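Each value in this text was obtained by applying a stated rule to the coordinates, not by laboratory testing. These numbers come from a predicted model, not from an experiment. Note that we place each Cβ from the backbone using ideal geometry, even for glycine, and neighbour counts take in every protein chain shown.
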């Protein structure tokens, strides 16, 4: 579809999706469309997938072009905004500020003095201060959120369940420090805590440590656990899993992965079970204390 394409006959208020990398923006767009929402992607250059963006009504934008976004969103009838997709923490030099953003630079500079949640929540407030309504996946398409229980044929044993509880306890304890949303625990030992590198690179690091003999627990032990931070704005940067996460958990020699149900996005859920069974790992949606119903 061409840039900015719209259906003038549809009076439904538009949803602007600020589109980062990965498949989540498109999963959200498709789910919103199935619910009758008209969606326009505002794709971030350098992050969003051009081939996939081309299949939706869209505008390309550089990070920092807020005045342009406001003008185009108004023309498209978009008052509701969602921020979704992977975006590595940008340096100030990667932002291409327009005049409005330049006037806000003191406020924006203060947002960079903290963790990712501090930065993203602050950006969300900027949209709201300028008349937009910020929505999260729970408001737009709750079916994309992980439900309680197991996905696939495998289930965690007693050791895995204990590791899940320990991992969630650790994530809750580190929440005030705004570090990351994931941790790997094996036989009560913390193997890795997610930092700026993200979940995939953390899993790759654990796989390398296993190959080098630095991890002594046997293959098939250990769990990856992802959970939203305590007090985090659930409209922005919810933890997510997809088929690649499951495959990499298997490649890292883990028994499986668990995420907190109701606050974790599942990308391509129709593939998760098949990939999990093939990789011989479990996938579980747990309570916010780590217990599996």
Using the scaling law 2.2 N^0.38 Å as the reference, what is the normalised Cα Rg of the stretch 136-293? 0.94
Residues 272, 123, 241 arranged by fewest to most Cβ contacts within 10 Å: 123, 272, 241
For residue 188 and residue 147, extending 7 Å from Cα along the Cα-Cβ vector and measuring point to point gives, in nm, a value of 3.6
Sorted by Cβ density within 10 Å, fewest first, the residues 80, 30: 30, 80
What list do you get for 202, 63 if you sort them by fewest beta carbons within 10 Å? 63, 202
